[in-house]
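> Input: one structure, supplied below.
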Amino acid sequence: MTHYPVRYFSLSPEIVEVHWPDRIEEGILFDILAFEKMIVDHWSDKIRSIHHGYHILGIELNEALPAKHCVESLRQLRKRQNSSYLVKPMEWRLPVCYDLDLVPELETYLKKKGLSHPSFVKKHTAPAYLLYFYGFLPGFMYLGGLDKDLHVPRKSRPDRKIEKGSVAIGGGQTGIYPMASPGGWYQVGASPVEFFQEGKLKLPFRPGDRIRFEAIGQDAYSRIREKQSFEWESKAYEG
Amino acid sequence: MSTLQDPGRAGSAASGVPQSGPMDLDSFLLANHLMRREPEAACLEIYMGGLEMIFSASTQLVFTGAVGKVRCQGHLFAANQVINVRKNDRLTLSPPGAGQWAYMAINGTFQAEKILGSQSFYRGITPEEKFSNNDQLDFMPGRRFIPDDQARVKPQNFPEEQCLRAYPGPSFSLLPEKAQQIIQQHAFTLSNSQSRMGIQLEEIVDNDLKELISAPVYPGTVQLTPSGKMIVLMRDAQVTGGYHRLLQIDRASISKLAQIRPAGKIRFAVETP
């Protein structure tokens, strides 16, 4: 595992951050996750919230601490970071229906990109997407690994409502809308899986995990939607 | 608009769930203090008054924050005063003369499911995102009667210009010296674009900063958009954002800012943390 150089940044007396080099990179993610795990293990009583983006880990403290003291403790902790904190990623299959009847907007997208339906489905289901973090909406995954051929500029005028379960593409990103939301992405698929069960957010995947989209037909889509729960299939990610 | 708010669900940021919690935390804590409740107890948060309530049981209440006239069965009550209501009483709260957010603590416990450790309303997380007309809010009555003390906490003032304590964000030093000075010396105007998520400021800060990859944001983060608009994130802010982070205002300043109406002014007192 790469041990990247980091900088410490006190954003306020209550917020301290660790900054990695500013790029989107798998190695950076796993280094962040390992350090995060270590901080939570050692500081759980001091932390109000902890979360990260692509290259920044942010820690909100329960009480205002002298920033210098906090940064020094983090520096000491970082020195002791070792491979025992490395997270072990899982791979998950997530069913997605790409039928044009169900997802009429896919037609617009395919025309825009000059892609055939089968070749689009093949390219979209090929990667094991890397989950970097959740943001934007509760349960919205920032996934890495979208095929360059599938990138599309975001709509200049966002739609008022992208439906729950929509699988969409915007810029160089693809993701699933866990709840309805306005947005400027193109809907290219529909997942029947609920991220909310009995109103509660249930997220089986953790940052570092891999997500594979599995193309299903409309029958399977309807069957899964009717069921109250979904049996997640996962295995250790082998790369 | 009214919602239930408690200190929120900070612990769920890693799942992309906003913290939520009271816009004016100080007034919220005062309400619980006056009602002799624990600081984590949920209160009713009311935006700009204009509310009528009918009680189906006797209880005690207190309003704090931006409180307009409180009328109950022909009597007038002030902010920060313990009010005894009886079964079938009708209580009205008119819009406040200054400020925006009021809190109502009850001698008892509001009955709403805790989701991810909090009763704070948030779209998609809780069954309701705000109360609607004729909604019923259940409460479990408290066991102790709260005597109306002689000594009363004076109602707060809500000036339309406030100085906020701020710390430089990672992008602050990337701005030209001139822009840095403007941010520290000028007053900024609150726009009409205000919600529990954030408050946009009117003035433009010209910048040619490069695009960023998404990074954590928090309530109190001051973002700068490519078009030069500044947005101060509030309690329901997203957990990550792609805009430049210019400043971080402290927790007490978030409460002060929340009470300033559109067209009000703020100044940033920038210091090192």
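> Under 6 Å between Cβ atoms, which residue pairs at least 6 apart in sequence (or on different chains) link something in region A:119-148 that is away from chain B (no Cβ under 14 Å) with a partner that is open to solvent by less than 10 Å² (accessible area, probe 1.4 Å) and hydrophobic (A, V, I, L, M, F, W, C)?
Once the first residue is away from chain B (no Cβ under 14 Å) and sits in region A:119-148, its partners that are open to solvent by less than 10 Å² (accessible area, probe 1.4 Å) and hydrophobic (A, V, I, L, M, F, W, C) give A:K123/A:L150; A:T125/A:F213; A:Y129/A:L143; A:Y129/A:I211; A:G145/A:L130.
> Mind checking which residues of region A:1-20 are surrounded by fewer than 15 Cβ atoms within 10 Å (Cβ to Cβ) and within 11 Å of chain B (Cβ to nearest Cβ)?
Scanning region A:1-20 gives a single hit, A:R7.
> Next question, about the same structure. Can you say whether A:R160 is in contact with a Pro (Cβ under 7 Å, 6 or more places away or on another chain) and not in a loop (DSSP other than H, G, I, E, B), as far as the supplied structure shows?
Yes.
> Condition first: assigned by TED's automatic domain parsing to the domain that holds A:P127, more than 16 Å from A:V103 (Cβ to Cβ), modelled with pLDDT of 90 or more and not in a loop (DSSP other than H, G, I, E, B). Can you find one or more residues in region A:179-202 that meet it?
Yes, some residue in region A:179-202 is assigned by TED's automatic domain parsing to the domain that holds A:P127, more than 16 Å from A:V103 (Cβ to Cβ), modelled with pLDDT of 90 or more and not in a loop (DSSP other than H, G, I, E, B).
> Is at least one residue of region B:51-60 within 16 Å of B:F158 (Cβ to Cβ), in contact (Cβ under 8 Å) with a residue 60 or more places away in the chain and assigned to a strand (DSSP E or B)?
no
> So, one more: Would you point out the residue of region A:27-46, among those that are out of contact with any Phe, Trp or Tyr (no Cβ under 9 Å at 6 or more places or on another chain) and either open to solvent by less than 30 Å² (accessible area, probe 1.4 Å) or touching a residue at least 24 places away in the same chain (Cβ under 8 Å) (or both), that is nearest to A:E63 (Cα to Cα)?
Filtering first and then ranking leaves A:W43.
> For region B:155-174, name all the residues that are part of a loop (DSSP other than H, G, I, E, B) and within 20 Å of the chain's Cα centre (by Cα).
The answer is B:P155, B:Q156, B:N157, B:F158, B:P159, B:E160.
> Now a separate question. Has region B:167-180 got any residue that is assigned by TED's automatic domain parsing to the domain that holds B:L212, of a type in the set (S, T, N, Q) and touching a residue at least 24 places away in the same chain (Cβ under 8 Å)?
Yes.
> Right, something else. Looking at (1) over 27 Å from B:E129 (Cβ atoms); (2) away from chain A (no Cβ under 12 Å); (3) not small (G, A, S), can you tell me which one B:L212 breaks?
So the condition that B:L212 fails would be (2).
> Something else now. Got a number for residues in region B:1-38 being assigned to a loop (DSSP other than H, G, I, E, B) and either within 13 Å of another protein chain (Cβ to nearest Cβ) or open to solvent by less than 20 Å² (accessible area, probe 1.4 Å) (or both)?
14
> Report yes if some residue within region A:159-174 is among the acidic types (D, E), under 18 Å from the mean Cα position of the chain (by Cα) and open to solvent by 60 Å² or more (accessible area, probe 1.4 Å); otherwise report no.
no
> Still on this structure, please answer the following. Please work out which residue is surrounded by the most Cβ atoms within 10 Å (Cβ to Cβ), limiting yourself to region B:109-147 and to residues that are in a strand (DSSP E or B) and among the hydroxyl-bearing types (S, T, Y).
B:S118
> Suppose the filter is closer than 25 Å to B:G16 by Cα, touching a residue at least 40 places away in the same chain (Cβ under 8 Å), away from chain B (no Cβ under 14 Å) and of a type outside the set (D, E, K, R); does A:P89 pass it?
When the stated conditions are applied, A:P89 passes them.
> What's the number of the condition A:L137 fails, among (1) part of a loop (DSSP other than H, G, I, E, B); (2) under 16 Å from A:P95 (Cα atoms)?
For A:L137, the failing item is (2).
> Can you confirm whether region A:11-25 contains a residue that is touching an Asp or Glu at 6+ places or on another chain (Cβ under 7 Å) and among the hydroxyl-bearing types (S, T, Y)?
yes
> Looking at B:A57, B:A41, which one is closer than 23 Å to A:S49 by Cα, assigned by TED's automatic domain parsing to the domain that holds B:Q111 and not polar (S, T, N, Q)?
Every option except B:A41 fails the conditions.
Quick grid of which residues meet (1) closer than 20 Å to B:S120 by Cβ; (2) modelled with pLDDT of 95 or more; (3) surrounded by fewer than 16 Cβ atoms within 10 Å (Cβ to Cβ):
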| residue | (1), (2), (3) |
| --- | --- |
| B:A41 | yes, yes, no |
| B:M48 | yes, yes, no |
| B:E52 | no, yes, yes |
| B:F55 | no, yes, no |
| B:Q60 | no, yes, no |
| B:R71 | no, yes, yes |
| B:G74 | no, no, yes |
| B:V85 | no, yes, no |
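> So, in region B:165-195, of the ones that are surrounded by 15 or more Cβ atoms within 10 Å (Cβ to Cβ), within 14 Å of chain A (Cβ to nearest Cβ) and out of contact with any Ser or Thr (no Cβ under 6 Å at 6 or more places or on another chain), which residue ends up farthest from B:I260 (Cα to Cα)?
Once the filter is applied, the top-ranked residue is B:L174.
> With the requirement that a residue be within 8 Å of chain B (Cβ to nearest Cβ) and in contact (Cβ under 8 Å) with a residue 60 or more places away in the chain, what does region A:47-79 give you?
Residues satisfying the conditions are A:H51, A:H52, A:G53, A:Y54.
> Given the conditions (1) touching a Phe, Trp or Tyr at 6+ places or on another chain (Cβ under 8 Å); (2) open to solvent by 10 Å² or more (accessible area, probe 1.4 Å), report the number of the one that A:K111 does not fulfil.
Among (1) touching a Phe, Trp or Tyr at 6+ places or on another chain (Cβ under 8 Å); (2) open to solvent by 10 Å² or more (accessible area, probe 1.4 Å), the lone unmet condition for A:K111 is (1).
> Show the residue pairs that are 6+ apart or on different chains and have beta-carbon atoms under 7 Å apart, the first residue being within region A:219-239 and in the same structural domain as A:P204 (by TED's automatic domain parsing), the second being of a type in the set (F, W, Y) and part of a loop (DSSP other than H, G, I, E, B).
A:I224/A:F230
> Of all residues being open to solvent by less than 90 Å² (accessible area, probe 1.4 Å) and of a type in the set (D, E, K, R) in region A:62-83, which is nearest to A:K37 (Cα to Cα)? Just the residue, please.
The selected residue is A:R78.
The values are calculated or read from the model by the stated rules, or taken from the named source; none is laboratory data. The structure presented is a predicted model; accordingly, all values stated were derived computationally and were not measured. With ideal geometry, Cβ positions are generated from the backbone for all residues, glycine too; neighbour counts draw on all protein chains shown. With ligands, DNA and RNA removed, areas are computed over all heavy atoms of the protein, side chains included. Shrake-Rupley method; radii C 1.70, N 1.55, O 1.52, S 1.80 Å.
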